[in-house]
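S.K.: Please find one structure pasted underneath; my questions will follow.
The values are calculated or read from the model by the stated rules, or taken from the named source; none is laboratory data. Keep in mind it's a predicted model, so treat the numbers as computed, not measured. Neighbour counts are summed over all protein chains in view; Cβ atoms, including those assigned to glycine, are modelled from backbone coordinates with ideal geometry. When the accessible area is computed, the model is the full protein with side chains, heavy atoms only, and any ligands, DNA or RNA have been set aside. Shrake-Rupley method; radii C 1.70, N 1.55, O 1.52, S 1.80 Å.
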Amino acid sequence: LATGALTNIALFLALYPELWGSVEVVLMGGAIGMGNTSPAAEFNIETDPEAAHIVVEAGRAGVPVAMVPLEVTHTALVTPGVLERLDGGGDFMALVRELLTFFRSTYSEVF
């Protein structure tokens with residue numbers, strides 16, 4: 001499961017082709033419409049296009065690859081209930097709550 005640049009996935013695929021039959025790749029990347037770093041680019045793909053190419057080519061060669069585009073991430077909403085479940089979970093959960101709150105407000109303003 002890749003939620004950022006595909007560098008590590010591409011490196012794994014390049015170093016261990018004998019394991020291709022035992023893995024599936026699910027990645028968050030690309031966009032059907034407008035990207036988030038330019039009109040034609042999405043951050044996770046634009047960050048390492050060579051790695052994205054390796055992963056897509058592995059998919060063409062038989063590795064199951066599922067690509068979840070940017071637009072789908074806009075439907076994963078952080079509700080007040082989600083934030084409440086993070087309360088009282090210590091420093092790490094407080095950080096997660098802070099990040100989710102930031103992204104929630106940013107998505108509300110931008111999208």
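S.K.: Testing the spin-label approximation: label points 7 Å from Cα along Cα→Cβ at residue 79 and residue 99. State their distance in nm.
M.R.: It is 2.3 nm.
S.K.: Would you pull out the residues with amide H under 5 Å of residue 65's amide H, same chain only if 5 or more places away, H placed 1.01 Å from N?
M.R.: So residue 65 has HN proximity to 25.
S.K.: Shifting gears a bit: Once you treat every alpha carbon in the range 1-108 as an equal point and sum by Debye, what is log10 I(q)/I(0) at q = 0.15 Å⁻¹?
M.R.: Computed log10 I(q)/I(0) values: -0.76.
S.K.: So which DSSP H runs in the chain come out at 15 Å plus along the axis (Cα) with average Kyte-Doolittle of at least 0.0?
M.R.: 49-60, 90-110
S.K.: How much length is gained if the chain between residue 107 and residue 91 is pulled fully straight, taking 0.36 nm per residue apart and subtracting their Cα-Cα distance, in nm to one decimal?
M.R.: 3.3 nm
S.K.: For the chain, with all protein chains present and a 1.4 Å probe, just round the carbon and sulfur fraction of the accessible area to a whole percent.
M.R.: On the chain, the fraction of accessible area on carbon and sulfur atoms equals 64 percent.
S.K.: Packing-wise, with mean Cβ within 10 Å as the measure, how do 70-82, 2-14 rank, highest first?
M.R.: 2-14, 70-82
S.K.: Under 5 Å between amide hydrogens, which residues at least 5 positions from residue 48 or on another chain qualify, with H placed 1.01 Å from N in the peptide plane?
M.R.: 6
S.K.: With every protein chain left in place, what is the accessible area per residue of the range 70-111 in square angstrom, probe 1.4 Å?
M.R.: Averaged over the residues of the range 70-111, the accessible area is 78 Å².
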